[in-house]
Amino acid sequence: MSEDPQSRYERDLELDRRLESSEREGLTGTTGASIYEPPLVPDQASLPPKSVEPGEEPRWRRDFAVDWPEDNYVARRDFVKFLVLTSGAFVAGQGWIAAQSLIKSRRPSPSPRRVATLSEIAPGSVLVFDFPGEHDPCLLIRTESGELLAYGQKCTHLSCAVVPRLAEGVIHCPCHEGYFDLLTGRNIAGPPPRPLPKVVVEVRGDEVWAISVEERTV
Ligand code: FES
């Protein structure tokens, strides 16, 4: 004869109450929420999310009964473990940033490099060159007034190549509509978080030389 729904429901609740047994106490994640309190009455030990009359709930809910007080319980050991792990990750992240800045500050300054002659870059034009490495694209811009400006060409958001718009006085990143000021290289709109790296250039006779790169944060 098949078991009637009410008896089965009560038997399932008894199973939940076994979590309170002395053999299981102290095991992380298995100790009931009420370990230091009087035992819960069976009806409170495993409440379904929606209150449904016993015996009328769907079978899946009985087969996969959830003990909500037990499920929501966070042991002190779990909480301390979580705190230690998150603090450890934070300290490791800070250490990594500090190590990166140290490596950067000790990197030898690049050798100056000849970029172009003045006659090769007319006022109102732009020239692309690599500095300091061959995979570091940069822009040499000569404004209509003859001023020479140079910036790294990689956008400070996700490294897309930026494009100068001399007539508008901006440098545009087409990937996510980022904008930089043409005269300073500072980020003025869109997602870029920092100004473009500035390349220090020097005119030696008729030639333009790249001397160094200044990474800027503001
Ligand atoms: Fe330039 Fe996103 S890569 S705005």
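The values are calculated or read from the model by the stated rules, or taken from the named source; none is laboratory data. Owing to the predicted nature of the structure, the values given are computational and were not obtained by experimental measurement. Every residue, glycine among them, receives a Cβ derived from its backbone with ideal geometry; neighbour counts consider all protein chains shown. The area values use the complete protein model at the heavy-atom level, side chains included, leaving out ligands, DNA and RNA. Shrake-Rupley method; radii C 1.70, N 1.55, O 1.52, S 1.80 Å.
Please indicate, with yes or no, whether at least one residue in segment 186-198 is assigned to a strand (DSSP E or B), more than 16 Å from the ligand (Cβ to nearest atom) and closer than 24 Å to residue 107 by Cβ. Looking for residues that are assigned to a strand (DSSP E or B), more than 16 Å from the ligand (Cβ to nearest atom) and closer than 24 Å to residue 107 by Cβ, one finds at least one in segment 186-198, hence yes.
Can you find, within segment 117-135, the residue that is nearest to the ligand (Cβ to nearest atom) among those that are in contact with a Lys or Arg (Cβ under 9 Å, 6 or more places away or on another chain) and more than 14 Å from residue 211 (Cα to Cα)?
We begin by selecting, within segment 117-135, every residue in contact with a Lys or Arg (Cβ under 9 Å, 6 or more places away or on another chain); these are 118, 121-127, 129-132.
Imposing the further condition that a residue be more than 14 Å from residue 211 (Cα to Cα) reduces the set to 118, 121-127.
Values: 118: 31, 121: 25, 122: 28, 123: 27, 124: 24, 125: 23, 126: 18, 127: 21 Å.
Among residues in segment 117-135 that are in contact with a Lys or Arg (Cβ under 9 Å, 6 or more places away or on another chain) and more than 14 Å from residue 211 (Cα to Cα), the one nearest to the ligand (Cβ to nearest atom) is 126.
Taking segment 153-173, which residues are part of a loop (DSSP other than H, G, I, E, B), more than 8 Å from the ligand (Cβ to nearest atom) and either among the hydroxyl-bearing types (Ser, Thr, Tyr) or surrounded by fewer than 16 Cβ atoms within 10 Å (Cβ to Cβ) (or both)?
Of segment 153-173, the ones part of a loop (DSSP other than H, G, I, E, B) are 153, 155-160, 162, 169.
This time we only want the ones that are more than 8 Å from the ligand (Cβ to nearest atom), so: 153, 169.
Scanning segment 153-173 gives a single hit, 169.
For the list (1) over 18 Å from residue 216 (Cβ atoms); (2) away from the ligand (no atom under 16 Å from the Cβ); (3) open to solvent by 50 Å² or more (accessible area, probe 1.4 Å); (4) assigned to a loop (DSSP other than H, G, I, E, B), I need the number of the one condition that residue 176 fails. Condition (2) is where residue 176 drops out. When the helices (runs of 4 or more DSSP H) confined to segment 22-129 are screened for residues that are at pLDDT 80 or above, those reaching at least 2 such residues are found at 76-106.
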